[in-house]
Amino acid sequence: MNNLILVRGGGDLATGTIYKLRRCGFPVLVLEAAMPSAIRRNVAFSEAVYEGSQTVEDMTCRRAGNRDEAGRLLRQEGLALLVDPAGEAIQTFHPMAVVDAILAKRNLGTRRSMAPITVALGPGFTAGQDVDAVIETQRGHNLGRVLWQGCAAPNTGVPGIIAGYGRERVIHSPAAGVLRNLHKITDTVHKGEAIALVETENGHVPVYATLDGLLRGLIRDGYPVTAGFKIADIDPRRGEYQNCFTISDKARCIAGGVVEAVLQRKGELGL
């Protein structure tokens, strides 16, 4: 447990980091919110909050009911998830490293004092001040680069281009209410087709597919959403069915940056 790494967040990009750290031999404790809102749920360990466990590729993460159970799972399996959005378990477990993988585009409370090694993903952090290192998450030449000074590129709000489509790939809720899904992840959908309904006080507002393609991500049925909330992701490459079940290239690239940062800092500190 001396090499314990605590990862705040268990979404699909965070899961790429969790998976690679565990494969490299580090025990990993994942801290999540009580109601995570992952879109690519098939490849997000955060689903263990709802299901009790979640398997991504060949790795299973189990939810612990309390810190004692989390400790037992870490000793037995090297991986556990705990609902603890405030990060209170950090003081109990004294991890070697804390990785902020919430990707909220702002700092929700991660500090360098939390562990000997601190790493954060994406914008909202300053390397050398808030954390030791920041990992670039914007697609392009610097994706996955370790920054020891300064900040990651600011959030553009524009999704990466796939098969010529960018903004169209991501669907946001047209109203506030409760999401009721009409489709599931892996379904083929067509532009203009209703993929879900938002249940409001005044009735149901349909959510339409913005292009033809494969429904790669969809928030959980029954999740309360606000207007503009990101709820779905369509891949225009309808033949990429298997991508719904595997960690993405972006997640794996970012994970490599995290491992690099942890190992470099670990060596510098003689841990």
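The values are calculated or read from the model by the stated rules, or taken from the named source; none is laboratory data. Keep in mind it's a predicted model, so treat the numbers as computed, not measured. Positions of Cβ are backbone-derived with ideal geometry, glycine not excepted, and every protein chain shown enters the neighbour counts.
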Here the residues within the stretch 12-37 that are assigned to a loop (DSSP other than H, G, I, E, B) and either out of contact with any strand residue (DSSP E or B) (no Cβ under 9 Å at 6 or more places or on another chain) or over 23 Å from Val259 (Cα atoms) (or both) are Cys24, Gly25, Ala33, Ala34, Met35, Pro36, Ser37
Given the conditions (1) over 23 Å from Arg112 (Cβ atoms); (2) touching a Ser or Thr at 6+ places or on another chain (Cβ under 6 Å); (3) crowded, with 24+ Cβ neighbours inside 10 Å, report the number of the one that Gly16 does not fulfil.
(2)
Within the stretch 162-170, identify whether any single residue is surrounded by fewer than 14 Cβ atoms within 10 Å (Cβ to Cβ) and in a helix (DSSP H, G or I), and answer yes or no.
yes
Name, by its number, the condition in (1) surrounded by 20 or more Cβ atoms within 10 Å (Cβ to Cβ); (2) under 21 Å from the mean Cα position of the chain (by Cα) that does not hold for Lys250.
(1)
Is there a residue being under 24 Å from Ala48 (Cβ atoms), out of contact with any Cys (no Cβ under 9 Å at 6 or more places or on another chain) and modelled with pLDDT of 95 or more anywhere in the stretch 233-241?
no
Failed item, numbered, when Lys184 is tested on (1) crowded, with 19+ Cβ neighbours inside 10 Å; (2) under 20 Å from Gln54 (Cα atoms); (3) out of contact with any Lys or Arg (no Cβ under 7 Å at 6 or more places or on another chain):
(1)
One residue from Thr110, Thr55, Thr92, Thr60 being among the polar types (S, T, N, Q), in contact with a Ser or Thr (Cβ under 6 Å, 6 or more places away or on another chain) and on the phi < 0 side of the Ramachandran plot:
Thr60
Please pick out the residue among Ala115, Ala97, Ala127 that is of a type in the set (Gly, Ala, Ser) and buried (at least 23 other Cβ atoms within 10 Å of the Cβ).
Ala97
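Give me a count of the residues in the stretch 38-55 that are in contact with a helix residue (DSSP H, G or I) (Cβ under 6 Å, 6 or more places away or on another chain), outside any helix (DSSP H, G or I) and polar (S, T, N, Q). Please lay out each step first, then the result.
Step one: list which residues in the stretch 38-55 are in contact with a helix residue (DSSP H, G or I) (Cβ under 6 Å, 6 or more places away or on another chain), which gives 38, 40-45, 47, 54.
Narrowing further to those that are outside any helix (DSSP H, G or I): 38, 40, 44, 54.
Subset that is polar (S, T, N, Q): 54.
Counting residues in the stretch 38-55 that are in contact with a helix residue (DSSP H, G or I) (Cβ under 6 Å, 6 or more places away or on another chain), outside any helix (DSSP H, G or I) and polar (S, T, N, Q) gives 1.
Considering only the stretch 96-121, state which residues are out of contact with any helix residue (DSSP H, G or I) (no Cβ under 8 Å at 6 or more places or on another chain) and either part of a loop (DSSP other than H, G, I, E, B) or under 20 Å from Thr15 (Cβ atoms) (or both). Before the answer, list the steps.
Going residue by residue through the stretch 96-121, those that are out of contact with any helix residue (DSSP H, G or I) (no Cβ under 8 Å at 6 or more places or on another chain) are 100, 104-113, 120.
Within the stretch 96-121, Asp100, Ala104, Lys105, Arg106, Asn107, Leu108, Gly109, Thr110, Arg111, Ala120 meet the criteria.
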